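The values are calculated or read from the model by the stated rules, or taken from the named source; none is laboratory data. Since we're looking at a predicted model, the values are computed, not measured. Ideal geometry is used to build each Cβ from the backbone, glycine not excepted, and the neighbour counts take in all protein chains shown. Accessible surface is based on the protein model in full, side chains and every heavy atom, while ligands, DNA and RNA are left aside. Shrake-Rupley method; radii C 1.70, N 1.55, O 1.52, S 1.80 Å.
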Amino acid sequence: MAQVVVDGLLTNYTSSGKGDVVLLLHGWGDTSRTFASLAEILSGNHQVIALDLPGFGNTEASKEAWGLDDYASFVAHFLQKIAANPTVVVGHSNGGAIAIRAVATHKLQPKKLVLLAASGIRGEYKGRNIALRLVAKTGKLLASPLPKRVKKRLQHKLYTTVGSDMLVAEHLQETFKKVVTDDVRADAEHITIPTVLIYGDEDEATPVRYAEEFNARLKNATLHVIPGAAHFVHHEAKDKVNSLVKEFIDV
């Protein structure tokens with residue numbers, strides 16, 4: 001583990017291996033530890049860098065509400081700070097949405113992109129205001145003294161309705177509202193580098209139809225759908241995902 005100050009935020013990250021840099025971006029409510037297995041596999045031939053994004057793990061949260069553009073800029077500043085230039089970017093869930101925005105806006109300029117159950121398709125609700133009201137209402141309820149089973153049901157409703165990552169970080173509710181209403185489908189159309197998409201066929205948070213839409217919009221993409229896997233496809237089908245990612249990167 002290492003730490004560095006980026007944009008005034010103490011930032012936690014890991015770096016292992018040598019060679020071309022592979023950057024790993026985790027999803028909402030997760031940490032860099034989610035990629036432990038993948039990092040171990042890739043570090044044999046590459047330098048693998050995984051950071052805790054602001055507000056998660058051991059990285060400080062911004063005092064302001066952030067959207068995808070803010071996270072993308074932060075990742076670019078982090079890489080500048082540690083003098084790393086990734087050849088490959090891997091993003092899971094919201095980390096995938098950040099990666100899409102960062103690559104489309106040239107904040108990151110990798111040669112390859114890996115999207116694991118990437119989120120960023122936000123249109124499956126009737127308008128921005130309805131989504132925001134749902135997020136705000138559910139967030140307040142989750143903070144109330146309701147039975148755990150009721151809170152879990154509310155989380156699931158929010159998860160599947162908004163089409164993004166669960167509201168699992170109560171200190172980032174305003175950031176969450178910005179993130180879950182920021183659609184990256186148009187961004188995907190500007191990406192021409194080789195991209196592999198890996199989704200589970202039992203994923204209710206970022207279902208296969210999201211993967212198919214991204215696949216249609218990206219100019220140079222290959223889609224793999226893993227039977228029996230859900231949203232954490234890199235855990236539930238660890239060996240298969242590790243193999244697909246390693247093969248894609250090493251070609």
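Beyond 31 Å in Cα-Cα separation lie the following of the pairs Lys63/Lys112; Lys219/Lys240; Lys63/Lys107; Lys63/Lys246: Lys63/Lys112; Lys63/Lys246.
Can you give the FRET efficiency for Ala36 and Asp69, using 1/(1 + (r/R0)^6), R0 = 35 Å, r = Cβ-Cβ distance, to the nearest 0.05?
FRET efficiency, Ala36 to Asp69: 0.75.
Label positions at Gln3 and Arg185, each projected 7 Å from the Cα along the C-beta direction, are separated by 4.2 nm. Between Ala83 and Ala216, the distance separating the two model label sites (each 7 Å from Cα on the Cα→Cβ line) works out to 4.7 nm. Maximal additional length on extending the His224-Lys18 stretch stands at 71.4 nm, based on 0.36 nm per residue less the C-alpha distance.
Can you give the local net charge around Leu108? Use residues other than it whose beta-carbon is closer than 15 angstrom to its beta-carbon, Lys and Arg +1, Asp and Glu -1. Net local charge, Leu108 excluded: +1.
Taking the alpha-carbon centroid of each part, what is the distance from region 26-91 to region 177-251 in angstrom? Each part reduced to its Cα centre gives a spacing of 18 Å.
Could you check how many percent of all C-alpha pairs in region 65-121 are farther apart than 17 Å?
30
For region 39-90, a crude dipole built from +1 on the beta carbon of Lys and Arg and -1 on the beta carbon of Asp and Glu, taken about the Cα centre, is about 140 debye to the nearest 20. For region 48-97, the Cα-based Rg and Dmax, in that order, read 11.0, 31 Å.
Residue by residue through region 234-251, which ³J(HN,Hα) values in whole Hz follow from phi under the Karplus form 6.51 cos²θ - 1.76 cosθ + 1.60 (θ = phi - 60°), with glycine and proline marked x? Calculated HN-Hα couplings, in order: 6, 9, 6, 10, 3, 5, 5, 5, 4, 5, 4, 5, 4, 4, 5, 6, 7, 5 Hz. Largest first, the residues Asp52, Asp250 sort by 1.4 Å accessible area into Asp250, Asp52.
Spherically averaged projected area of the convex hull of Cα atoms, region 1-72: 4.8 nm². Quotient of the Cα radius of gyration of region 174-251 and 2.2 N^0.38 Å, N being its number of residues: 1.17.
Overall, the accessible surface of region 1-90 at a probe of 1.4 angstrom is composed of carbon and sulfur to the extent of 45 percent.
For region 189-202, 3J(HN,Hα) computed residue by residue from phi via the Karplus equation (6.51, -1.76, 1.60; θ = phi - 60°) reads 5, 9, 9, 10, 6, x, 9, 10, 10, 10, 10, x, 6, 10 Hz, glycine and proline entered as x.
Rounded to the nearest 20 debye, what is the charge dipole size of region 1-107 about its Cα centre when +1 sits on each Lys and Arg Cβ and -1 on each Asp and Glu Cβ?
So the dipole magnitude of region 1-107 works out to roughly 160 debye.
Please work out how much length the chain gains when fully extended from Asn45 to Ala61, using 0.36 nm per residue of separation minus the C-alpha to C-alpha distance, in nm with one decimal.
Stretched fully, the Asn45-Ala61 segment lengthens by 2.5 nm.
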